[in-house]
Amino acid sequence: MEFTSPEGEHKYAALVRAADRAVVGLDFDGTLAPIVDDPERAHIHAEAGDVLVDLADVVAAVAVITGRPARQALDLGGLEAVGNTIGDHGKELYLFGQYGNERWSSTRRRIVSPRPPQGLATFLRDLPRTLRNADAADAWVEDKGLAHAVHTRRMADPDAAFQRLLGPLRDLADRNGLVLEPGRNVIEVRAPGMDKGRAVEALVEEVGAGAFLFAGDDLGDVEAFEAVAALAKEGMPTLLVCSASDEVSALAERADVVVRGPEGVLDLLRRLTADARSS
Ligand SMILES: [Mg+2]
């Protein structure tokens, strides 16, 4: 792992000292689960469950904060079993799905979800035409319930298709009162008013967090980074971790620590657990 500055190292030390009051927020894809071509075949890193259970013992709470539907993340992550073990230790695992629109926790054990946003039906009606007009009729559209994601990664030239689609999809989303979230060869359209930053704020309030670590890898994590940076400004010990890959490192320059993919994230969490235990 690589601290981006001496300040990053100091921030890590401060977080270790405040570990028992800390919330650890973790993105799923690219952070806990290696990126794969087919998002439906993503799988949490084999050692993640054990690392999260150990970590939960030394911090206030652990939360997975993802753009995926909560049900999907629970299944792909084996998170119900992980939550059971964490619960047995008297701690809690939180899951925020669809950027915080859906909530689950290991004590509540039920996914709480709002209704699909109003403009979504009209958006979907006009979507095929928009795709055709952008020469992207064969893009894969994933139904996530409260959101829809247009994937270009299986297309002949994913980057070119992504660029052709970005403007037209943004217009269509705007017209229907929805917001657009670009990712890696994927453009997601969803209800406004919820992002990972709000999820961070909700956690701080619910758990009464006195410190915060967030790790992410992608553009969808920017709002969470900003929310944590705001907590740091108020004097809270925080650590921002970028899980870097060859594909994208949009967060690297905002991070205190840059690690190499899920493997690096888990190493950092193991080190944090060990350092918190011995401090
Ligand atoms: Mg990610």
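The values are calculated or read from the model by the stated rules, or taken from the named source; none is laboratory data. Computed from a predicted structure; not experimentally measured. Using ideal geometry, Cβ is built from the backbone for each residue, glycine included, and neighbour counts are taken over all protein chains shown. Note: areas computed on protein heavy atoms with side chains; ligands, DNA, RNA excluded. Shrake-Rupley method; radii C 1.70, N 1.55, O 1.52, S 1.80 Å.
Do you know which of the residues in the range 204-225 that are within 16 Å of the ligand (Cβ to nearest atom) and open to solvent by 40 Å² or more (accessible area, probe 1.4 Å) is nearest to A61 (Cα to Cα)?
The residue in question is E223.
Pairing residues of the range 23-35 that are more than 6 Å from the ligand (Cβ to nearest atom) with residues that are acidic (D, E), at Cβ distances under 7 Å and at least 6 apart in sequence or on separate chains, gives I35/D29; I35/E247.
Residue count for the range 36-56, restricted to those that are surrounded by fewer than 20 Cβ atoms within 10 Å (Cβ to Cβ), more than 16 Å from the ligand (Cβ to nearest atom) and under 18 Å from the mean Cα position of the chain (by Cα): 1. Inside the range 182-196, residues that are within 15 Å of the ligand (Cβ to nearest atom), open to solvent by 20 Å² or more (accessible area, probe 1.4 Å) and either more than 26 Å from A156 (Cα to Cα) or not assigned by TED's automatic domain parsing to the domain that holds F162 (or both) make up a count of 1. Tell me yes or no: at least one residue of the range 92-108 is of a type outside the set (F, W, Y), part of a helix (DSSP H, G or I) and at pLDDT 95 or above. No: the range 92-108 contains no residue that is of a type outside the set (F, W, Y), part of a helix (DSSP H, G or I) and at pLDDT 95 or above.
Of all the residues in the range 112-129, those that are buried (at least 17 other Cβ atoms within 10 Å of the Cβ) and either farther than 28 Å from F96 by Cα or modelled with pLDDT of 90 or more (or both) number 4.
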